[in-house]
Structure formats: structure tokens, C-alpha cells
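Bear in mind that the values in this text are calculations on the coordinates, not laboratory data. Being a predicted model, the structure only gives us computed values, none of them experimental. Note that we place each Cβ from the backbone using ideal geometry, even for glycine, and neighbour counts take in every protein chain shown.
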Amino acid sequence: MTVLRRLHGATSRTAAILLAVLLVLGVGAGIVVELVRTPQWQASTDALIRTWSVESLLLTGQPTPVETEDQADAAVVAVSQTVLSRAAEALDEPGGWTELAERVTAVPVPTSHFVTITATGRDEQTAVRTSEAVATAFAQVMRENLTAAADGLVSTQTGEGDPDIRLRTQLLTWTLQPIQVYRTSQPEQLVPSTQTPVALGVVGLAIGALVILAMTLLRPSVTGARDAQRLLALPAVGFGPGGEPETARLIARLLEVNPKGALMVAPVTADAEKAGLQLVEWIRQRSDDTDRVQLVAEPTGAVLAAKPRRADVAALVLVVPEGTLRQDVSDAVALLSPWRAVDAVVVTA
């Protein structure tokens, strides 16, 4: 929580500008990267595995259920040299099967008997044609393998062999499609995309947050009344836009110390003069003697003025906005001490 409060205290106009600049730079870099990259599209074609092993079907007449291992084997076959070579020939691909191997992947679909064949291309049509050509070649190769397996099994039968096996073989080679090509998805544009600019924009924000955090940790600031109290060993209270009961009680006690003396309010730096004026106005609205509450210059200007008589001053209150560097607070107290020792600190939000 302490680190977060320090980070919050350090979020000033400079920090906001830094975050905005790094965000814009990150998004801009991502856009440039996407623009210089070659356009790329992706399309996927689903292929259904109807059967994988024909031996059991030929021998028993009962198909073997497609297992997970069968899907994995099918995915390997779908991007094999045999399948890709046939697809490259159909596509008239100059680079042959090796070029397709760089652009085509096949993965089994969990909880189904599908294998998804995905291809990339420079345009929509190329991606779609490639994925469909590979799926078609996959189905053709698997049918040829089924026919070869069936013929091989029949050839091992001696004599007339089993007439049932011969009949099943004929039926399989005529009707069975081990792989059925289903649908092709709508092509999706991969490059250019919005992912890179968004990702680099997030990276820019992260770097900005780390820079701000590092600045805060290297130059610690006052994050609240308790922090100021520990730093200076003086009474300290917080002060928000609507005032605080603790602030009212502290001011009342300070005025009681010297009923005729003035309550002097000093901003810790020149940048804190607005916060000091707000505190003075708030005190005057709740005081019967508004002339007793005075706003003095920041420490450097105060010490250059005439030193007030002790009897004329009830107390000196230092106004410290949250986020003020701890070193600036210590310096202000040390600078004011010969002129008038600080009696209390009010930390404004």
C-alpha cells in the first residue's frame, strides 16, 4: 500500500504527460511495424476422420472408433510431404511442398473427430485455396492408402479366401471415404492487425509506470499526515477539499496557545501557495477573528522578511501538498527555524 500511495502521490502533470507520450509512442511504433509487414490472411478447413484403421473393418465388419491417437496421426499425415506435394501440384505452387510446409499447419480438434488444416497467404483467396487444396489432397491420399491396405489384405488370403472380406473390400473401395472435407472458415486478416499497436501501447504504459515508480522511490515524497509526522516529529493532520475535523481541532489548540497572537500559514514551496490560501480561507470562515490568520510567503521569501516578535505569533503552520518531496519539506523546516520554528504541519490532498 505504501508503494501505491507513493505512486499516487507522484502522479503529477509530468507523470501524466510521460504516460501519454509513452502510450502514443508504443501505439505509433505498433502501427509502423504493422504497415511495413507483408499483408497476411489465414483460412482454416475442417476435415472429418470417418475411419482410420480399415483392417478391423475388413476382418470383422465392425469399424474401429477413432481415438485421440488417431487424430494426432491424421494431423501429421495432413502436413506430410506426400499430401503437401499433391496440394502444391494442384495449386501450381512454384516453391513446391517445402513452401507450403511453412504456411500450413494441422491440429486435431479436441472432443471431436475433426482435424483443422490452417493455411496463410498474402490475400484472402490464396489462404482459402491453399487450405482447401491441402484438405482435398489429404482426403485423396487417405483414400488411396485405404484402397492399398484393402488390396494388400485380400492378397494375403490363400485360395479363394474369405468371401466376406472380398465383399467388404469391394464395398469399401467403392463407397468409403476415410476423410471427408467439411467447411472452410471465413478468412481472417493477421497482418496488419490491431494487436501489435495495442500490445506496444500497453508496454509503453508499463514502462511509464515503472519510470514513475522508480522516480518516486529514488526521490521519496510525503504521502500523508502520518508520513510528515514521522519525518519532522511534529503534529501533522490531513486536509481535504471539505476540511477535516482533526484540522479544525489542531487549529483551535494552536490559537489557544496565544489568544492574541497570529496564526501564520506558510506554504512549503512556491507551488504550494494555492493550497496555503485554501487553508487560510477555510480557517477564516470558521474563525471570529479573521485578522489573526495570515498567509506568509514560502520559506525563502519569509526568512527575507522581518522576523516576527514571539508575542505576536501564536503558531506557524507549514502547508505541505501530498506528493511534495520529503527533502523539500525538511529543507523548508530548516530554513524557517531561525525565523520561526514550525509548530505543526497540514498535509493537503
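Debye-formula intensities of segment 225-348, expressed as log10 I(q)/I(0) at q = 0.10, 0.14, 0.16, 0.17 Å⁻¹, are -0.25, -0.51, -0.69, -0.78 (one equal scatterer per alpha-carbon, no solvent). In this label model, Leu234 and Arg183 are separated by 7.4 nm, measuring between points 7 Å along each Cα→Cβ vector. Sorting the segments 67-73, 332-338 by their mean number of nearby beta carbons within 10 angstrom, highest to lowest, gives 332-338, 67-73. Label-to-label distance, Arg310 versus Leu277, with points set 7 angstrom from Cα along the beta-carbon direction: 3.4 nm. In a reduced charge model with +1 at each Lys and Arg Cβ and -1 at each Asp and Glu Cβ, segment 225-348 shows a dipole moment near 380 debye about its Cα centre. Please work out the C-alpha center-to-center distance from segment 210-266 to segment 295-349 and express it in whole Å. Here the two parts' Cα centres lie 11 Å apart. Modelled label positions at Val33 and Thr68, each set 7 Å beyond Cα in the direction of Cβ, lie 3.5 nm from each other.
One chain, two ends: Ala214 and Ser80. Fully extended at 0.36 nm per residue, the span grows by 42.9 nm beyond their Cα-Cα distance.
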